[in-house]
Amino acid sequence: MIDVKQMLATSIEQGASDLHINAGMPPIMRINTDLVMMDLPEVSNDEAGQMVLEMVGEKKFKTYLEKRDLDFSTMIDDGSRFRVNAHFQKETVAISFRAISSNIPDIEDLHLPDVVSELTDLPRGLVLVTGPTGSGKSTSLASMINLINRKYHKRIITMEDPIEYMLENNSCMVEQREIGADCTTFASGLRHALRQDPDIILVGEMRDLETTSSTITAAETGHLVFSTLHTVSASQTVERIIDIYPASQQNQIRAMLSNTLQAVISQTLFRRVDQPGMVPCVEILLCTSAVRNCIRENRVFEIPNVIETSRRLGMQSMDHSIQQNYMKGYLDREEAIMRSSNPAKMDKVLPASVQPAMQTQEG
């Protein structure tokens, strides 16, 4: 039988961000967006099930068999940690691992706009980091929380499913609660967190109406709240939050959201062409009075135009970020065009090549 810890150690040595196990196939790693098959035999369904059992124990394994999905974290002997989802596909066991860096990167090293660091100085309100799975949301959030942890003397409570980055008490007092182990649900944890004297609350994901409502309420009551959504733009983020609510409550939530939302950071990762690794392209929405009016008056469709005309305030569109990173020599031209919101326009804007003098060794 394949040793799951040895397999995970090999994936770390190879620089993989993810590892996938499906019964009937050899394990497959994701390295800089590419899927690479490991030089190992096929994993049987029984072997995959035994791996899950070894990692979670009998009690959680029974839960997995009943609910058919289980999120948890695991660690190997060298201290490397992984976020894990065990599930079923075609009635066989499947496991997805995401490597979690043991060190929280400094926010200055993530190639994020300067305004992202400035958001950690906010006294209250809601800050959302959004993007598809694997876009670096958790890393960005952990770096922002860690910056607060260095700068201020505050009480931070996080609710995560599962806990990814381990935060230490620095200048701040930090409590990390894992869903399923330390509290039953995000919504339950949030309700109790408001009685635990927090200054800052991190909610791993606004995944349903109850969690979304509790998160907005926490921000409305004077706390600084960070959370994530699986949306790809700022305007889509606002629409998604409003659409979670029944039609009869949507006017009310527009008013609440217009008062509490401070910023939306929408990011996605691109493979770098100048060196191995990834770089984020980022859309930034800051909630100025114009943005708040758009939300309150149901004119969310105008938000992209507000972003485009407010660069001096620190806002930027995703396409502008893609263009900037291409001009720095980080991105492949074809990928930059293909993944922009307006490929025809991007094709005209981007030069055929970037002059060496315009490139940088940054990062």
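Here, each number is a calculation from the coordinates, and none is a lab measurement. Note that the structure is a prediction, hence the values are computed from the model and not measured. Glycine gets a Cβ as well: all are built from the backbone with ideal geometry, and neighbour counts include every protein chain shown.
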Checklist outcome for this item: Sorted on mean Cβ neighbours within 10 Å (highest first), peptides 104-115, 8-19 come out as 8-19, 104-115
Next on the checklist: Given the options 139, 61, 264, identify the residue whose Cα lies farthest towards the positive end of the charge dipole of the chain (+1 on Cβ of Lys, Arg; -1 on Cβ of Asp, Glu).
Outcome noted: 264
Next on the checklist: For residue 18, what residues show an amide H to amide H distance below 5 Å, using hydrogens built from the backbone and excluding near sequence neighbours?
Outcome noted: 30, 99
Checklist outcome for this item: Sorted by chain and number, the residues with a modelled amide H under 5 Å from that of residue 125, at a separation of 5 or more or across chains, are 222, 223, 224, 225
Checklist entry - Toward the positive end of the charge dipole of the chain, about the Cα centre and with charges on Cβ (Lys, Arg +1; Asp, Glu -1), which of 320, 230, 170 goes farthest? => result 320
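Excluding residue 331 itself, calculate the net charge of residues whose Cβ lies under 10 Å from the Cβ of residue 331, where each Lys or Arg counts +1 and each Asp or Glu counts -1. Spell out each step's value before the answer.
Working: positive: 271, 272, 328, 333, 339; negative: 274, 332, 334, 335.
Every neighbour counted, the sum reads +1.
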Checklist entry - How big, on average over all directions, is the shadow cast by the Cα convex hull of segment 183-311, in nm²? => result 9.8 nm²
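Is segment 259-336 best put as rounded, prolate or oblate by its Cα gyration tensor, with a ≥ b ≥ c the root eigenvalues, rounded for a/c under 1.5, and otherwise prolate when a/b is larger than b/c, oblate when not?
Details: a/c = 2.99, a/b = 2.62, b/c = 1.14.
Cα axes put segment 259-336 in the prolate bin.
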Item to check | Gyration tensor (alpha-carbon) shape descriptor, the chain, a/c threshold 1.5 | outcome: oblate
Item to check | Positive-end residue of 342, 2, 304, charge dipole of the chain with Cβ unit charges | outcome: 304
Next on the checklist: List the residues, sorted by chain then number, that are 5 or more residues from residue 43 or on another chain and whose placed amide H is less than 5 Å from its amide H.
Outcome noted: 24, 25
Next on the checklist: For a quick check of your reading of the filter: which trypsin sites (Lys or Arg not before Pro) in segment 224-284 sit in a DSSP loop and have no more than 10 other Cβ atoms within 10 Å?
Outcome noted: none
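To the nearest 20 debye, what charge dipole does the chain have about its Cα centre, counting +1 at the Cβ of each Lys and Arg and -1 at the Cβ of each Asp and Glu? Don't skip to the answer; put the middle values down first.
Details: 35 positive and 48 negative charges, 236 e Å.
Magnitude of the dipole: close to 1140 debye.
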